[in-house]
Amino acid sequence: MPSSKILITKLQRPRDAVGTIARPRLHDLLNRGQKQSCTLISAPAGYGKSTLVSSWMECCQYPGIWVSLDEKDSELHTFF
């Protein structure tokens, strides 16, 4: 049976890094995506997806949650 423990870092939004480049156009796209039931952000590793969403959540007027998943989280029991 897989472990039901989850690392606390998977549930905490990354802190904004000093010197992060502002991405107002992408923030606007994320704001427009709030009218949809789901928004998918897809890019290769290292392209700034987590940084983008984290910085957007910082100034978003709605509450949000952070869940970071990887291959090991594909077990349904662990996921829920």
Inset, instruction - Leaving ligands, DNA and RNA out of it, report the carbon-plus-sulfur percent of the accessible area of the chain at a 1.4 Å probe. - result: 57
Legend entry - Top of Leu30, Leu52, Leu69 by mean-square fluctuation, Gaussian network on the chain, Cα under 10 Å: Leu69
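Taking only protein heavy atoms and a 1.4 Å probe, what accessible area per residue, in Å², does the chain have with all protein chains in place? Intermediate values should be presented prior to the final figure.
Numbers: 7110 Å² over 80 residues.
Averaged over the residues of the chain, the accessible area is 89 Å².
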Legend entry - Sequence of Ile41, Ile8, Ile65 from largest to smallest accessible area, 1.4 Å probe: Ile65, Ile8, Ile41
Inset, instruction - Show Ser54, Ser37, Ser42 ordered by accessible area, largest first, where the area counts protein heavy atoms only and the probe is 1.4 Å. - result: Ser37, Ser42, Ser54
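Enumerate by residue number the chymotrypsin sites (Phe, Trp or Tyr not before Pro) in region 1-69 meeting two conditions: DSSP loop (anything except H, G, I, E, B), and at most 12 other Cβ atoms within 10 Å of the site's Cβ.
Details: sites: Tyr47, Trp56, Trp66; in loops: Tyr47, Trp66.
Listed in order of number, the matching sites are Tyr47.
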Inset, instruction - Please work out how much accessible surface Thr9 shows to a 1.4 Å probe, ignoring ligands, DNA and RNA, in Å² rounded to 10. - result: 90
Legend entry - Positive-end residue of Pro14, Ile41, Leu26, charge dipole of the chain with Cβ unit charges: Leu26
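Suppose accessible area is computed on protein heavy atoms with a 1.4 Å probe; arrange Val53, Val18 from highest to lowest.
Numbers: Val53 30, Val18 150 Å².
Heavy-atom accessible area, descending, gives Val18, Val53.
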Legend entry - GluC sites (Glu not before Pro) lying in DSSP loop within region 15-80, provided at most 14 other Cβ fall within 10 Å: Glu75
Inset, instruction - Note the count of lysine pairs whose C-alpha atoms are less than 25 angstrom apart in the chain, limited to pairs 8 or more residues apart or on different chains. - result: 5
Inset, instruction - Taking 7 Å along the Cα-to-C-beta vector as the label spot, tell me the Arg23-Ser74 distance in nanometres, rounded to one decimal. - result: 2.6
Inset, instruction - Would you compute, from DSSP H runs of 4+ residues alone, the mean residue ellipticity of the chain at 222 nm, taking -39500 (n - 2.57) per run and dividing by the full residue count, rounded to the nearest 500? - result: -8500 deg cm²/dmol
Inset, instruction - Could you point to the label whose value was computed as Kirkwood radius over Cα pairs in Å for the structure here, given (1) 17.8; (2) 14.1; (3) 14.5? - result: (3)
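The values are calculated or read from the model by the stated rules, or taken from the named source; none is laboratory data. Note that the coordinates shown come from a computational prediction; the quantities given were computed from them, not determined experimentally. Heads up, the Cβs are rebuilt from the backbone with ideal geometry, glycines too, and the neighbour counts pull from every protein chain shown. When the accessible area is computed, the model is the full protein with side chains, heavy atoms only, and any ligands, DNA or RNA have been set aside. Shrake-Rupley method; radii C 1.70, N 1.55, O 1.52, S 1.80 Å.
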